[in-house]
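Engineer: Please see the structure below; I have some questions.
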Amino acid sequence: MFHNSAIQTGPVRVTAPPVFMYHSISPSTQPDPHRLRVHPERLGRHLRLLRRLGLRGVSLSELLRANDQGEADGLVGLTFDDGYTDYLEYALPVLRRYGMTSTLYVVAGHLGGSNQWDDGPRLGLMDVGQVREVSAAGHEVGSHTMTHPHLAGAAASTLAAEIGGSREILQNVLQVGVASFCYPYGEYDGTAADAVRTAGYDNGCVIGDYDPGDRFTVPRCYISPGDTAAHIIARMIRHSLRLRLR
Ligand SMILES: [Zn+2]
């Protein structure tokens with residue numbers, strides 16, 4: 001039995017602190033047409049910047065838990081989509097060096113496979129053992145569906161299989177409750193968000209630093225391969241201004 005003690009119903013305003021969205025972390029120089037790869041040294045510079053600003057990167061669940069208690073000041077959510085194997089080799093050591101945690105969103109139907117949904121270069125995805133390793137290292141593992149489909153407008157049976165089915169698989173793999181969900185391509189609608197809630201997740205996140213930003217559509221800042229410290233600061237300022245202007 002798995003429980004989520006913190007399931008919220010109804011819109012809950014999230015989230016004063018920003019959430020960063022990364023994908024692949026690698027020094028590879030192969031083509032990156034979708035601009036999803038950040039060099040590990042650059043990730044290190046981002047985390048060093050956070051530390052200098054007195055901020056700490058945490059998993060999305062930890063961020064929202066702190067936010068629920070009004071204690072999210074000084075926290076930034078760190079998320080990594082798709083579950084690439086390079087996370088283990090390149091992201092984990094950097095996160096460890098700065099004492100920060102993260103949420104890794106894996107595609108439960110492609111564990112040990114590759115990013116077949118993408119027309120870009122093939123990248124390896126973590127297998128069951130590697131996903132367990134991430135969890136054992138103190139990071140959160142969330143679901144990024146079974147097959148990385150477009151969920152906006154999807155049939156109820158597809159939503160149940162992709163959203164609920166992936167949660168069941170990951171809970172069996174990890175033997176812990178899976179609280180966090182991430183919409184592929186950031187695409188969602190009200191029905192998909194309801195399916196995330198119904199499946200027992202605590203939260204869901206999208207792409208784009210915009211409204212509405214409730215608990216099941218938490219906005220995130222896309223971090224691009226070339227983002228310098230100045231870009232990161234600008235993204236955080238824009239995020240907080242948008243929240244204030246809302
Ligand atoms: Zn994805």
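Engineer: Please compute, for the alpha-carbon atoms of the stretch 20-109, the extent along each of the three principal axes and give them in descending order in Å.
Structural biologist: Result, largest extent first: 43, 34, 21 Å.
Engineer: Treating only the Cβ atoms of Lys and Arg (+1) and Asp and Glu (-1) as charged, compute the dipole magnitude of the stretch 19-245 about its Cα centre; round to the nearest 20 debye. It would help to have the intermediate numbers written out before the result.
Structural biologist: Working: 21 positive and 25 negative charges, 186 e Å.
Taking the Cα centre of the stretch 19-245 as origin, the dipole is about 900 debye.
Engineer: Also: Take every Cα-Cα pair in the stretch 19-245 and report what % of them are more than 32 Å apart.
Structural biologist: Numbers: 3059 of 25651 pairs.
When every Cα pair of the stretch 19-245 is considered, 12 percent fall beyond 32 Å.
Engineer: Which three numbers, in whole Å and largest first, are the semi-axes of the equivalent ellipsoid of the stretch 70-149 derived from its Cα gyration tensor as √(5λ)? The partial results should precede the final answer.
Structural biologist: On the way: eigenvalues 110, 39, 27 Å².
Square roots of five times the eigenvalues give 23, 14, 12 Å.
Engineer: Which parts of the stretch 159-194 would a label at D118 reach, counting a residue when its backbone N lies under 20 Å from a point 7 Å out along Cα-to-Cβ?
Structural biologist: Under 20 Å, as judged by backbone N against the label point of D118, lie 181-188 of the stretch 159-194.
Engineer: Using a 1.4 Å probe, how large is the accessible area of I237, given in Å² and rounded to the nearest 10?
Structural biologist: 90 Å²
Engineer: Let me cross-check F80: its accessible surface, 1.4 Å probe, with only protein heavy atoms counted, in Å² to the nearest 10?
Structural biologist: Near enough 0 Å² of accessible area.
Engineer: According to the Cα gyration tensor, what semi-axes, each the square root of 5 times an eigenvalue, does the equivalent ellipsoid of the stretch 130-201 have, listed from largest to smallest in whole Å?
Structural biologist: On the way: eigenvalues 100, 26, 20 Å².
The three semi-axes for the stretch 130-201 are 22, 11, 10 Å.
The values are calculated or read from the model by the stated rules, or taken from the named source; none is laboratory data. Predicted model, so just to flag it, every value in this text is computed and none were measured. For neighbour counting, all protein chains shown are included, and Cβ atoms are generated from backbone atoms with ideal geometry for every residue, glycine included. Areas reflect the complete protein model, heavy atoms only, side chains present, ligands, DNA and RNA absent. Shrake-Rupley method; radii C 1.70, N 1.55, O 1.52, S 1.80 Å.
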